[in-house]
Structures are given as C-alpha cells and as structure tokens.
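Step one of this worksheet: look at the structure below.
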Amino acid sequence: KAVVSTQSTGEMQIKPARSSSPNHGLRLIMMTRSLLILLGILLLGDAYLYSFTAKVANRGRAGTSGDVYMTVIGTKGNLSVGKVSKKELKKGKTGRFSVYGKKNIGEIRCVRLSTTSKNSLLLDVVTVRPEYGVESFYYNTKGVILNGDPRRHSGVASLQMCKQGEEHYYITTRTSTESRSQTNKIHLRMRLTGALGTTTTGIINNEGRNDFKRGEDDTFVVPGMKMVGKIRCIELFAEGSDKWKFDYIEVHCDNYRAAYTFHNNRNIWISNDSREGEDVYKLC
C-alpha cells in the first residue's frame, strides 16, 4: 500500500505506508517455516521412516551412560541408525526413537548394536516398525550383555539380535500356594520346542503388574516368535536370584488354540541361585 500526499508546490508525491497489520511478522515466519519443510522433503526424496523401541532389562546395572550404535540389517541392504541417545537406554525403561532412511531395506532380519564403552547394557527386546510395514520383534534370547571391554567385563562389544517369526504365543503360569513361592525378581525366559523347531522368549513380564503371586495365574503374550508346531517341551531359564515355584505352565499360539500343559510334578524350585533351585529346567 502507499499514500498520496501533496506539497505546497502542488506536486503529488507517493510515499510507502507502514504496515498496519500486527500479524505481518508472524506470517513471514510461517512462510519461512513452510519453505524449509518443503526443502527438507525435496532433499530427502523417497525417504523411509523407521520407528524403534528398545526395552532395557530391569535389574543390576542394565542401563548405560556409554555410546551405543545401531545398524538394521534388511533383505535389500542395511540402515545405519547411528548413535542411540543415552536417555533411551535407562534401566527398566523402554526408549523410543525414529530415523529416516534414504532407501527401502526390505524385510528387516536383524538389528546389530555395538559399543566401545566400558559401561554395560542389557537389552531385553528391540522392535522396529517401518513406515509402511508391521512391527517386528528382536529378542535378546540369551541375555547377552553389551560391553566395549569384554576381556575385563562379561559381555560382547557387538550384539546381533534376529527375527524369529511372526507368531503370537500365550503363556499362562500358575504359581504354587506353598509358602514363599511368589517372586517378582525371577527374570524368566522360556524356550519352546516343537515339531518344527525351537523359539525363545525375552523376559516374560507384564509391565506395571506384580506377576508370580502365590496361588495366582498370570498370562503373558509374546509376539514375534517362530511357529514351532505341536509343542513337545518347554525349557525355563532363571536369570534372577529370587526363587519361584509353579504348579503348571500352559502354552498355546494363534495357529494352535489348544493349550499344551506342563506340570511341575517334581516340585522343582526355579532360581539362578543354585542353593535355592534350578536355573535351567526342562519339561517334556
């Protein structure tokens, strides 16, 4: 806009007018922001968004303050995630983060983590969800500790966790009514063996609930497992020093709705402490 004024000489002059809109600066900021977003889209091109969760175990010094790096391994290539933020790797917590990749790496087979730090990290499970795909699960099936100095500390400097399958298993435990049978620190894993192979859970736990109470049933849903067919045996691995006694364990999956039941006929106690029970126990 402009204003017209006349001088005493009779000449007409045009002068620029000051903006009367208080939102002029705000509109300029919004336009700049929109242009930056558009520029980012043009630079990324056909970018693919990958969303991650990393669940850290809830015991000992499971979390880390050291640098941890992640690589995702797919059927069409790898994706370097780079350094994972330390705030996402706290003991007993589930960290969430996302990255953009410049290409589609296909079906994600494994995730690999590495560190040079002397701080230890114990992960339970990592999940990956591509922008246009389903979430996959990668369990630390052997409870391996990540540590950059394995010669002086237990663990490995590089840990690879791979996809087992897409089956959901439902595990129900009945804790004994016997005195002191309950626990909340057993840190239990389970291996299922069937006609089609084996598959292993992460730590079975219902977050926000006190599991394994005396005389009570607990059901755990474990996704991302291999379908092993008719279950022949289960194997329990206790990583906690607390002891636990169960009456029976039932297992079924989406493909086999009928539950397979395994009774504790020998009245075995489960514990990582050999003075209290068995740290590995197989039932068939």
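Which of the chymotrypsin sites (Phe, Trp or Tyr not before Pro) found in segment 41-133 are in a DSSP loop and have at most 14 neighbouring Cβ atoms, other than their own, within 10 Å?
Listed in order of number, the matching sites are TYR132.
The mean accessible area for residues of segment 127-211, using a 1.4 Å probe and ignoring ligands and nucleic acids, is 50 Å² per residue. Cross-link check: pairs LYS76/LYS226; LYS93/LYS230; LYS163/LYS245; LYS86/LYS282; LYS55/LYS230 evaluated at a Cα-Cα cut-off of 27 Å; pairs beyond the cut-off: LYS93/LYS230; LYS163/LYS245; LYS86/LYS282; LYS55/LYS230.
Here the extension length gained between LEU28 and SER65 equals 9.1 nm, from 0.36 nm per residue of separation less the Cα-Cα distance. Partners of LYS91 within straight-line reach, counting aspartates and glutamates whose Cα lies under 18 Å from its Cα and excluding those fewer than 8 residues away in the same chain: ASP67, ASP124, GLU207, GLU239.
Using a probe radius of 1.4 angstrom, the carbon and sulfur fraction of the accessible surface of segment 137-248 is 42%.
The values are calculated or read from the model by the stated rules, or taken from the named source; none is laboratory data. What you are looking at is a predicted structure, and each value in this text was computed from that prediction instead of being measured. Ideal geometry is used to build each Cβ from the backbone, glycine not excepted, and the neighbour counts take in all protein chains shown. Just the protein is used for accessible areas: all its heavy atoms, side chains included, with ligands, DNA and RNA removed. Shrake-Rupley method; radii C 1.70, N 1.55, O 1.52, S 1.80 Å.
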